[in-house]
1. Considering the range A:152-164 alone, what residues qualify as being touching a residue at least 24 places away in the same chain (Cβ under 8 Å) and crowded, with 22+ Cβ neighbours inside 10 Å?
2. Inside the range A:19-36, can you point out the residues that are surrounded by fewer than 16 Cβ atoms within 10 Å (Cβ to Cβ) and touching a Leu at 6+ places or on another chain (Cβ under 9 Å)?
3. So residue B:89 clears everything in (1) surrounded by 21 or more Cβ atoms within 10 Å (Cβ to Cβ); (2) within 23 Å of residue B:66 (Cβ to Cβ); (3) out of contact with any Leu (no Cβ under 8 Å at 6 or more places or on another chain) except one condition, right? Which one?
4. Residues to consider are A:10, A:32; find the one that is touching a helix residue (DSSP H, G or I) at 6+ places or on another chain (Cβ under 6 Å) and either farther than 30 Å from residue A:146 by Cβ or acidic (Asp, Glu) (or both).
5. List every residue pair whose Cβ atoms lie under 7 Å apart, where the two residues are 6 or more positions apart in sequence or sit on different chains, the first residue falls within the range A:103-125 and is within 11 Å of residue A:147 (Cβ to Cβ) and of a type in the set (D, E, K, R), and the second residue, located anywhere, is open to solvent by less than 20 Å² (accessible area, probe 1.4 Å) and part of a helix (DSSP H, G or I).
There are 2 protein chains.
Amino acid sequence: MRIGELSRATGVAVPTIKYYVREGLLPAGRLTSPNQASYDEGHVRRLRLIRGLMDVGGLSVSVVREVLAAVDSPGESVHKVLGAAQLAITPPPTATPDGMEEARGKVVALIRRRGWRVELENPAVEALAVALATFQGIGRGEFEEIVDDYADACERVAAADLDWVGRNAEVDGMVETVVVGTVLGDAVLMAMRRLAHVEASARKYEQGPGQG
Amino acid sequence: MRIGELSRATGVAVPTIKYYVREGLLPAGRLTSPNQASYDEGHVRRLRLIRGLMDVGGLSVSVVREVLAAVDSPGESVHKVLGAAQLAITPPPTATPDGMEEARGKVVALIRRRGWRVELENPAVEALAVALATFQGIGRGEFEEIVDDYADACERVAAADLDWVGRNAEVDGMVETVVVGTVLGDAVLMAMRRLAHVEASARKYEQGPGQG
(Lines give C-alpha, C1' and ligand atoms only; values in the text may rest on other atoms or scores of the structure.)
Protein backbone atom coordinates (compact mmCIF):
# COMPACT_ATOMS: atom_id res chain seq x y z
CA MET A 1 0.00 0.00 0.00
CA ARG A 2 1.04 3.63 -0.45
CA ILE A 3 1.81 5.95 2.44
CA GLY A 4 -1.65 7.58 2.18
CA GLU A 5 -3.33 4.19 2.64
CA LEU A 6 -1.01 3.39 5.55
CA SER A 7 -2.07 6.70 7.11
CA ARG A 8 -5.78 5.91 6.67
CA ALA A 9 -5.36 2.37 8.00
CA THR A 10 -3.69 3.56 11.22
CA GLY A 11 -5.02 7.08 11.77
CA VAL A 12 -1.43 8.40 11.84
CA ALA A 13 -0.80 11.50 9.70
CA VAL A 14 1.59 11.16 6.71
CA PRO A 15 4.16 13.69 8.06
CA THR A 16 4.21 11.78 11.37
CA ILE A 17 4.81 8.48 9.53
CA LYS A 18 7.73 10.12 7.67
CA TYR A 19 9.07 11.43 10.98
CA TYR A 20 9.00 7.92 12.50
CA VAL A 21 10.90 6.57 9.49
CA ARG A 22 13.54 9.33 9.81
CA GLU A 23 13.85 8.65 13.56
CA GLY A 24 14.37 4.94 12.96
CA LEU A 25 11.15 3.82 14.67
CA LEU A 26 9.51 2.50 11.51
CA PRO A 27 11.33 0.66 8.68
CA ALA A 28 11.29 2.56 5.37
CA GLY A 29 8.87 1.30 2.72
CA ARG A 30 10.04 -0.73 -0.27
CA LEU A 31 10.90 1.69 -3.10
CA THR A 32 8.71 0.99 -6.15
CA SER A 33 9.92 4.06 -8.08
CA PRO A 34 12.47 6.79 -7.24
CA ASN A 35 9.92 8.78 -5.24
CA GLN A 36 7.32 6.23 -4.22
CA ALA A 37 7.44 3.55 -1.55
CA SER A 38 5.21 0.62 -0.74
CA TYR A 39 4.16 -0.41 2.78
CA ASP A 40 2.68 -3.67 4.09
CA GLU A 41 0.77 -5.15 7.05
CA GLY A 42 4.04 -5.22 9.04
CA HIS A 43 4.11 -1.42 8.86
CA VAL A 44 0.50 -1.22 10.02
CA ARG A 45 1.23 -3.35 13.09
CA ARG A 46 4.47 -1.53 13.86
CA LEU A 47 2.72 1.87 13.67
CA ARG A 48 -0.01 0.68 16.04
CA LEU A 49 2.69 -0.60 18.40
CA ILE A 50 4.48 2.78 18.31
CA ARG A 51 1.25 4.66 19.02
CA GLY A 52 0.28 2.27 21.79
CA LEU A 53 3.65 2.68 23.50
CA MET A 54 3.40 6.47 23.22
CA ASP A 55 -0.29 7.14 23.82
CA VAL A 56 -1.09 4.44 26.36
CA GLY A 57 2.35 3.85 27.84
CA GLY A 58 3.40 7.50 27.78
CA LEU A 59 6.82 6.65 26.33
CA SER A 60 8.88 9.30 24.52
CA VAL A 61 10.20 8.91 20.95
CA SER A 62 13.69 8.15 22.22
CA VAL A 63 12.50 5.50 24.70
CA VAL A 64 10.30 3.93 21.99
CA ARG A 65 13.38 3.78 19.74
CA GLU A 66 15.33 1.87 22.42
CA VAL A 67 12.42 -0.44 23.10
CA LEU A 68 11.99 -1.25 19.41
CA ALA A 69 15.72 -1.93 19.11
CA ALA A 70 15.27 -4.58 21.80
CA VAL A 71 12.21 -5.92 19.95
CA ASP A 72 14.21 -6.18 16.71
CA SER A 73 17.28 -7.95 18.13
CA PRO A 74 16.37 -11.09 20.06
CA GLY A 75 19.25 -12.38 22.21
CA GLU A 76 20.23 -15.83 23.39
CA SER A 77 18.07 -17.12 26.25
CA VAL A 78 14.45 -16.18 26.76
CA HIS A 79 15.21 -15.01 30.29
CA LYS A 80 17.96 -12.67 29.01
CA VAL A 81 15.78 -11.31 26.22
CA LEU A 82 13.05 -10.54 28.71
CA GLY A 83 15.60 -8.79 30.93
CA ALA A 84 16.90 -6.62 28.06
CA ALA A 85 13.38 -5.64 27.01
CA GLN A 86 12.50 -4.77 30.58
CA LEU A 87 15.62 -2.63 30.99
CA ALA A 88 14.77 -0.64 27.87
CA ILE A 89 11.33 0.31 29.20
CA THR A 90 12.43 1.09 32.75
CA PRO A 91 14.48 4.29 32.70
CA PRO A 92 16.35 4.93 35.96
CA PRO A 93 14.41 7.31 38.22
CA THR A 94 15.49 10.97 38.20
CA ALA A 95 14.36 11.92 41.70
CA THR A 96 16.57 11.31 44.74
CA PRO A 97 14.58 12.19 47.85
CA ASP A 98 16.12 12.12 51.32
CA GLY A 99 16.26 8.77 53.03
CA MET A 100 17.30 6.72 50.00
CA GLU A 101 19.78 4.58 51.96
CA GLU A 102 17.12 3.42 54.39
CA ALA A 103 14.60 2.91 51.59
CA ARG A 104 17.05 0.80 49.57
CA GLY A 105 17.58 -1.36 52.65
CA LYS A 106 13.83 -1.95 52.85
CA VAL A 107 13.66 -2.95 49.19
CA VAL A 108 16.54 -5.39 49.61
CA ALA A 109 14.81 -6.86 52.68
CA LEU A 110 11.59 -7.25 50.68
CA ILE A 111 13.41 -8.98 47.82
CA ARG A 112 15.11 -11.40 50.25
CA ARG A 113 11.85 -12.04 52.11
CA ARG A 114 10.01 -12.85 48.88
CA GLY A 115 12.87 -14.96 47.53
CA TRP A 116 12.95 -12.97 44.30
CA ARG A 117 16.07 -13.69 42.21
CA VAL A 118 16.61 -10.13 40.92
CA GLU A 119 19.86 -8.23 40.60
CA LEU A 120 20.06 -5.20 42.82
CA GLU A 121 21.23 -3.12 39.82
CA ASN A 122 17.75 -3.53 38.28
CA PRO A 123 16.39 0.03 37.83
CA ALA A 124 13.08 -1.08 39.33
CA VAL A 125 14.90 -1.57 42.66
CA GLU A 126 15.89 2.09 42.66
CA ALA A 127 12.44 3.18 41.42
CA LEU A 128 10.82 1.30 44.30
CA ALA A 129 13.26 2.85 46.80
CA VAL A 130 12.45 6.34 45.49
CA ALA A 131 8.73 5.72 45.99
CA LEU A 132 9.22 4.38 49.54
CA ALA A 133 11.57 7.26 50.47
CA THR A 134 8.97 9.71 49.18
CA PHE A 135 6.24 8.12 51.33
CA GLN A 136 8.61 8.44 54.29
CA GLY A 137 9.52 12.06 53.50
CA ILE A 138 5.90 13.21 53.55
CA GLY A 139 5.16 11.47 56.83
CA ARG A 140 3.44 8.40 55.35
CA GLY A 141 6.17 5.88 56.10
CA GLU A 142 3.64 3.38 57.47
CA PHE A 143 2.90 2.56 53.85
CA GLU A 144 5.58 -0.09 54.25
CA GLU A 145 3.12 -2.10 56.35
CA ILE A 146 1.26 -3.03 53.15
CA VAL A 147 4.18 -3.60 50.75
CA ASP A 148 3.72 -7.35 51.06
CA ASP A 149 0.09 -7.03 49.94
CA TYR A 150 1.46 -5.26 46.86
CA ALA A 151 4.06 -8.00 46.42
CA ASP A 152 1.36 -10.71 46.62
CA ALA A 153 -0.64 -8.89 43.94
CA CYS A 154 2.43 -8.42 41.73
CA GLU A 155 3.38 -12.09 41.97
CA ARG A 156 -0.13 -12.97 40.85
CA VAL A 157 -0.02 -10.56 37.90
CA ALA A 158 3.52 -11.61 36.93
CA ALA A 159 2.55 -15.30 36.85
CA ALA A 160 -0.41 -14.49 34.58
CA ASP A 161 1.80 -12.27 32.40
CA LEU A 162 4.43 -14.99 31.95
CA ASP A 163 1.78 -17.57 31.05
CA TRP A 164 0.44 -15.12 28.49
CA VAL A 165 3.93 -14.54 27.09
CA GLY A 166 4.42 -18.30 26.92
CA ARG A 167 1.23 -18.71 24.89
CA ASN A 168 2.62 -16.11 22.42
CA ALA A 169 5.73 -18.16 22.21
CA GLU A 170 7.37 -17.70 18.84
CA VAL A 171 10.69 -16.29 20.15
CA ASP A 172 10.60 -13.56 17.51
CA GLY A 173 7.35 -12.15 18.74
CA MET A 174 8.15 -12.80 22.38
CA VAL A 175 10.11 -9.61 23.00
CA GLU A 176 7.35 -7.54 21.45
CA THR A 177 4.87 -9.40 23.63
CA VAL A 178 6.92 -8.63 26.74
CA VAL A 179 7.29 -4.96 25.85
CA VAL A 180 3.62 -4.56 25.00
CA GLY A 181 2.52 -6.57 28.01
CA THR A 182 4.70 -4.57 30.37
CA VAL A 183 3.80 -1.12 29.09
CA LEU A 184 0.11 -1.65 28.32
CA GLY A 185 -0.22 -3.94 31.35
CA ASP A 186 0.88 -1.03 33.56
CA ALA A 187 -1.95 1.04 32.09
CA VAL A 188 -4.44 -1.79 32.68
CA LEU A 189 -3.25 -2.18 36.26
CA MET A 190 -3.50 1.52 37.06
CA ALA A 191 -6.99 1.86 35.56
CA MET A 192 -8.29 -1.30 37.26
CA ARG A 193 -6.79 -0.35 40.60
CA ARG A 194 -8.83 2.88 40.48
CA LEU A 195 -12.02 0.94 39.72
CA ALA A 196 -11.25 -1.51 42.52
CA HIS A 197 -10.69 1.48 44.84
CA VAL A 198 -14.19 2.75 44.14
CA GLU A 199 -15.68 -0.63 45.00
CA ALA A 200 -13.50 -1.05 48.11
CA SER A 201 -14.45 2.43 49.26
CA ALA A 202 -18.16 1.78 48.64
CA ARG A 203 -17.90 -1.46 50.64
CA LYS A 204 -16.09 0.24 53.53
CA TYR A 205 -17.88 3.58 53.77
CA GLU A 206 -21.28 3.23 52.11
CA GLN A 207 -24.41 1.37 53.23
CA GLY A 208 -23.40 -2.02 51.92
CA PRO A 209 -23.59 -4.13 48.76
CA GLY A 210 -26.45 -3.28 46.46
CA GLN A 211 -27.10 0.16 47.91
CA GLY A 212 -24.07 2.10 46.63
CA MET B 1 11.92 29.53 59.00
CA ARG B 2 13.02 31.75 56.10
CA ILE B 3 12.72 30.72 52.47
CA GLY B 4 16.44 29.78 52.32
CA GLU B 5 15.99 27.34 55.20
CA LEU B 6 12.85 25.93 53.58
CA SER B 7 14.93 25.40 50.43
CA ARG B 8 17.71 23.62 52.35
CA ALA B 9 15.21 21.45 54.27
CA THR B 10 13.53 20.21 51.09
CA GLY B 11 16.21 20.42 48.40
CA VAL B 12 13.91 22.63 46.30
CA ALA B 13 15.55 25.78 44.86
CA VAL B 14 14.28 29.17 46.08
CA PRO B 15 13.05 30.33 42.63
CA THR B 16 11.12 27.06 42.29
CA ILE B 17 9.50 27.59 45.71
CA LYS B 18 8.46 31.11 44.62
CA TYR B 19 7.08 29.66 41.39
CA TYR B 20 4.95 27.14 43.31
CA VAL B 21 3.59 29.96 45.49
CA ARG B 22 2.71 32.05 42.40
CA GLU B 23 1.05 29.02 40.77
CA GLY B 24 -1.06 28.37 43.87
CA LEU B 25 0.51 25.01 44.73
CA LEU B 26 2.11 26.20 47.98
CA PRO B 27 0.49 28.64 50.45
CA ALA B 28 2.43 31.92 50.81
CA GLY B 29 4.54 32.31 53.92
CA ARG B 30 3.41 34.49 56.84
CA LEU B 31 4.73 38.02 56.27
CA THR B 32 7.05 39.07 59.12
CA SER B 33 8.12 42.31 57.43
CA PRO B 34 7.17 43.94 54.10
CA ASN B 35 9.70 41.83 52.17
CA GLN B 36 10.26 38.78 54.36
CA ALA B 37 8.05 35.76 54.94
CA SER B 38 8.18 32.94 57.44
CA TYR B 39 7.51 29.29 56.60
CA ASP B 40 6.71 26.33 58.86
CA GLU B 41 6.68 22.52 58.92
CA GLY B 42 3.44 22.54 56.95
CA HIS B 43 5.31 24.13 54.05
CA VAL B 44 8.06 21.49 54.28
CA ARG B 45 5.52 18.66 54.06
CA ARG B 46 3.56 20.34 51.28
CA LEU B 47 6.73 20.89 49.23
CA ARG B 48 7.69 17.23 49.62
CA LEU B 49 4.16 16.25 48.56
CA ILE B 50 4.41 18.46 45.45
CA ARG B 51 7.80 16.98 44.50
CA GLY B 52 6.62 13.45 45.14
CA LEU B 53 3.57 13.92 42.91
CA MET B 54 5.74 15.40 40.16
CA ASP B 55 8.93 13.34 40.37
CA VAL B 56 7.51 9.95 41.32
CA GLY B 57 3.97 10.29 39.99
CA GLY B 58 4.96 12.20 36.84
CA LEU B 59 2.15 14.74 37.32
CA SER B 60 2.31 18.17 35.67
CA VAL B 61 2.07 21.48 37.54
CA SER B 62 -1.54 21.95 36.43
CA VAL B 63 -2.60 18.44 37.50
CA VAL B 64 -0.82 18.90 40.85
CA ARG B 65 -2.75 22.15 41.31
CA GLU B 66 -6.08 20.33 40.77
CA VAL B 67 -5.05 17.49 43.05
CA LEU B 68 -4.05 19.87 45.84
CA ALA B 69 -7.35 21.73 45.46
CA ALA B 70 -9.07 18.41 46.19
CA VAL B 71 -6.72 17.85 49.14
CA ASP B 72 -7.55 21.28 50.55
CA SER B 73 -11.34 21.06 50.28
CA PRO B 74 -12.74 17.95 51.95
CA GLY B 75 -16.33 17.23 50.94
CA GLU B 76 -19.21 15.57 52.74
CA SER B 77 -18.93 11.78 52.81
CA VAL B 78 -15.64 9.91 52.84
CA HIS B 79 -16.69 7.93 49.76
CA LYS B 80 -17.41 11.17 47.85
CA VAL B 81 -14.14 12.75 48.93
CA LEU B 82 -12.23 9.72 47.73
CA GLY B 83 -14.08 9.88 44.42
CA ALA B 84 -13.25 13.57 43.90
CA ALA B 85 -9.57 13.00 44.72
CA GLN B 86 -9.45 10.08 42.33
CA LEU B 87 -11.05 12.10 39.52
CA ALA B 88 -8.45 14.85 39.92
CA ILE B 89 -5.55 12.43 39.44
CA THR B 90 -7.10 10.47 36.56
CA PRO B 91 -7.16 12.68 33.48
CA PRO B 92 -9.28 11.28 30.64
CA PRO B 93 -7.14 9.39 28.09
CA THR B 94 -6.20 11.26 24.92
CA ALA B 95 -5.80 8.28 22.60
CA THR B 96 -8.79 6.79 20.77
CA PRO B 97 -7.63 3.64 18.96
CA ASP B 98 -9.93 1.67 16.67
CA GLY B 99 -12.22 -0.84 18.32
CA MET B 100 -13.21 1.34 21.29
CA GLU B 101 -16.88 0.28 21.20
CA GLU B 102 -16.00 -3.40 21.55
CA ALA B 103 -13.39 -2.64 24.22
CA ARG B 104 -15.86 -0.58 26.26
CA GLY B 105 -18.24 -3.52 26.13
CA LYS B 106 -15.55 -5.77 27.58
CA VAL B 107 -14.85 -3.33 30.39
CA VAL B 108 -18.55 -3.10 31.25
CA ALA B 109 -18.76 -6.91 31.24
CA LEU B 110 -15.74 -7.09 33.56
CA ILE B 111 -17.26 -4.55 35.96
CA ARG B 112 -20.56 -6.50 36.06
CA ARG B 113 -18.76 -9.82 36.49
CA ARG B 114 -16.72 -8.50 39.42
CA GLY B 115 -19.71 -6.76 40.98
CA TRP B 116 -17.86 -3.45 41.16
CA ARG B 117 -20.16 -0.54 41.96
CA VAL B 118 -18.45 2.04 39.73
CA GLU B 119 -20.05 4.63 37.47
CA LEU B 120 -19.37 4.07 33.80
CA GLU B 121 -18.42 7.77 33.47
CA ASN B 122 -15.33 7.09 35.63
CA PRO B 123 -12.31 8.05 33.47
CA ALA B 124 -10.59 4.81 34.49
CA VAL B 125 -13.29 2.92 32.52
CA GLU B 126 -12.25 4.75 29.35
CA ALA B 127 -8.54 4.37 30.16
CA LEU B 128 -8.99 0.63 30.55
CA ALA B 129 -10.94 0.43 27.26
CA VAL B 130 -8.14 2.32 25.46
CA ALA B 131 -5.55 -0.16 26.75
CA LEU B 132 -7.66 -3.19 25.73
CA ALA B 133 -8.39 -1.71 22.29
CA THR B 134 -4.67 -1.11 21.80
CA PHE B 135 -3.86 -4.73 22.67
CA GLN B 136 -6.50 -5.77 20.11
CA GLY B 137 -5.19 -3.38 17.42
CA ILE B 138 -1.67 -4.82 17.55
CA GLY B 139 -2.89 -8.39 17.35
CA ARG B 140 -2.59 -9.19 21.07
CA GLY B 141 -6.30 -9.33 21.85
CA GLU B 142 -5.90 -12.58 23.80
CA PHE B 143 -4.65 -10.38 26.65
CA GLU B 144 -8.29 -10.33 27.73
CA GLU B 145 -7.90 -13.93 28.89
CA ILE B 146 -5.92 -12.68 31.89
CA VAL B 147 -7.88 -9.54 32.82
CA ASP B 148 -9.49 -11.38 35.73
CA ASP B 149 -6.03 -12.18 37.13
CA TYR B 150 -5.37 -8.44 37.01
CA ALA B 151 -8.73 -7.78 38.64
CA ASP B 152 -7.95 -10.26 41.46
CA ALA B 153 -4.63 -8.50 42.07
CA CYS B 154 -6.26 -5.06 42.02
CA GLU B 155 -8.94 -6.10 44.49
CA ARG B 156 -6.19 -7.30 46.82
CA VAL B 157 -4.23 -4.04 46.50
CA ALA B 158 -7.36 -1.89 46.83
CA ALA B 159 -8.39 -3.65 50.05
CA ALA B 160 -4.91 -3.06 51.51
CA ASP B 161 -4.99 0.57 50.33
CA LEU B 162 -8.36 1.25 51.93
CA ASP B 163 -7.24 -0.29 55.23
CA TRP B 164 -4.16 1.91 55.08
CA VAL B 165 -6.32 4.98 54.39
CA GLY B 166 -8.56 3.99 57.29
CA ARG B 167 -5.59 3.85 59.64
CA ASN B 168 -4.69 7.42 58.56
CA ALA B 169 -8.20 8.41 59.38
CA GLU B 170 -8.35 12.05 60.43
CA VAL B 171 -10.71 13.21 57.66
CA ASP B 172 -8.50 16.24 56.97
CA GLY B 173 -5.49 14.13 56.09
CA MET B 174 -7.53 11.44 54.39
CA VAL B 175 -7.73 13.07 50.98
CA GLU B 176 -3.99 13.66 51.00
CA THR B 177 -3.53 10.02 51.97
CA VAL B 178 -5.70 8.90 49.07
CA VAL B 179 -3.92 11.11 46.56
CA VAL B 180 -0.47 10.09 47.77
CA GLY B 181 -1.43 6.45 48.02
CA THR B 182 -2.90 6.40 44.53
CA VAL B 183 -0.07 8.21 42.76
CA LEU B 184 2.89 6.78 44.68
CA GLY B 185 1.15 3.41 44.92
CA ASP B 186 1.07 3.27 41.11
CA ALA B 187 4.84 3.75 41.10
CA VAL B 188 5.29 1.02 43.73
CA LEU B 189 3.08 -1.33 41.75
CA MET B 190 4.91 -0.76 38.46
CA ALA B 191 8.36 -1.21 40.01
CA MET B 192 7.35 -4.33 41.95
CA ARG B 193 5.63 -5.87 38.95
CA ARG B 194 8.95 -5.63 37.07
CA LEU B 195 10.80 -7.32 39.92
CA ALA B 196 8.15 -10.03 40.11
CA HIS B 197 8.50 -10.49 36.33
CA VAL B 198 12.21 -11.24 36.72
CA GLU B 199 11.48 -13.88 39.34
CA ALA B 200 8.58 -15.38 37.35
CA SER B 201 10.78 -15.49 34.24
CA ALA B 202 13.65 -17.12 36.17
CA ARG B 203 11.24 -19.70 37.54
CA LYS B 204 9.78 -20.46 34.12
CA TYR B 205 12.85 -20.33 31.86
CA GLU B 206 15.95 -20.87 34.02
CA GLN B 207 17.19 -23.99 35.78
CA GLY B 208 15.02 -23.66 38.86
CA PRO B 209 15.04 -22.02 42.30
CA GLY B 210 18.48 -21.34 43.72
CA GLN B 211 20.30 -21.56 40.41
CA GLY B 212 19.16 -18.35 38.69
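1. Listed by number, the residues that qualify are A:157, A:161.
2. A:19, A:24
3. Condition not satisfied by residue B:89: (3).
4. Values: A:32 fails: touching a helix residue (DSSP H, G or I) at 6+ places or on another chain (Cβ under 6 Å).
Just a single option satisfies the conditions, and that option is A:10.
5. These pairs meet every condition: A:114/A:151.
The values are calculated or read from the model by the stated rules, or taken from the named source; none is laboratory data. All values reported here derive from a predicted model rather than from experimental measurement. Every residue, glycine as well, gets a Cβ built from its backbone with ideal geometry; the counts of neighbours run over all protein chains shown. These accessible areas exclude ligands, DNA and RNA; they are computed on the full protein's heavy atoms, side chains included. Shrake-Rupley method; radii C 1.70, N 1.55, O 1.52, S 1.80 Å.
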